[in-house]
Amino acid sequence: RNIMAGQVAKRVLVVDDDAVVRSFIAGSLENRGLATTESGDIAEARRAASQELPDHVLTDLILADWNVMRLVQWLRAQNPRVQVTFMSGYDEQSVRANEWIGQGDVFLAKPFSVTQLLASLGTELQPA
């Protein structure tokens with residue numbers, strides 16, 4: 001999705017196999033001036049990122065079609081500065097205890113508020 005023509009916005013890639021969740025996230029970010037690309041699976045996310053590297057990736061931790069960590073490794077190989085927020089219905093303690101994500105990775109438990117979503121982006125992507 002594009003926002004206002006002529007403006008350069010930070011790009012966020014939203015990866016979730018639930019279309020309702022994906023649309024909610026993308027709409028919330030676009031309403032705050034960020035440009036988003038939605039992907040429903042890993043292959044689609046790789047295609048989208050190949051066309052235009054995102055500044056930040058919001059991805060569901062568990063997707064049926066491929067290992068999310070492979071996507072993240074590939075994205076970081078393309079752009080080592082890409083920031084990643086992992087989302088899941090699992091609680092953070094369980095996710096970290098099972099070492100599904102690294103200690104430095106951002107985690108956002110579902111369901112979450114728009115405020116929590118924006119906070120997960122970090123200060124470099126906070127809308128003005």
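The values are calculated or read from the model by the stated rules, or taken from the named source; none is laboratory data. Bear in mind that the values here come from a model prediction, so they are computed numbers and not experimental data. Positions of Cβ are generated from backbone atoms using ideal geometry, with glycine treated the same way; all protein chains shown enter the neighbour counts. For the accessible areas, the whole protein counts, side chains as well, though only heavy atoms, and no ligand, DNA or RNA atoms are used. Shrake-Rupley method; radii C 1.70, N 1.55, O 1.52, S 1.80 Å.
Worth pointing out:
- Rounded to the nearest 20, the size of the Cβ-charge dipole of the chain about its Cα centre is 380 debye, with Lys and Arg at +1 and Asp and Glu at -1.
- Percentage, to the nearest whole number, of Cα pairs in segment 10-83 over 18 Å apart: 31 percent
- Compactness of the chain - radius of gyration and Dmax, Cα, Å: 13.6, 45
- Calculated log₁₀ intensity ratio I(q)/I(0) where the Debye formula runs over C-alpha points of segment 43-100, q = 0.13, 0.15, 0.16, 0.22 Å⁻¹: -0.34, -0.45, -0.51, -0.90
- Per residue, in Å², the accessible surface of the chain once ligands and nucleic acids are set aside, probe 1.4 Å: 55 Å²
- Packing rank of 14-20, 96-102, where each peptide gets the mean count of other beta carbons within 10 Å, highest leading: 14-20, 96-102
- Paramagnetic reach from Gln73 in segment 40-67 [backbone N under 11 Å; point 7 Å along Cα→Cβ]: 67
- For the chain, carbon and sulfur atoms together expose 48% of the accessible surface, with a 1.4 angstrom probe and every protein chain in place.
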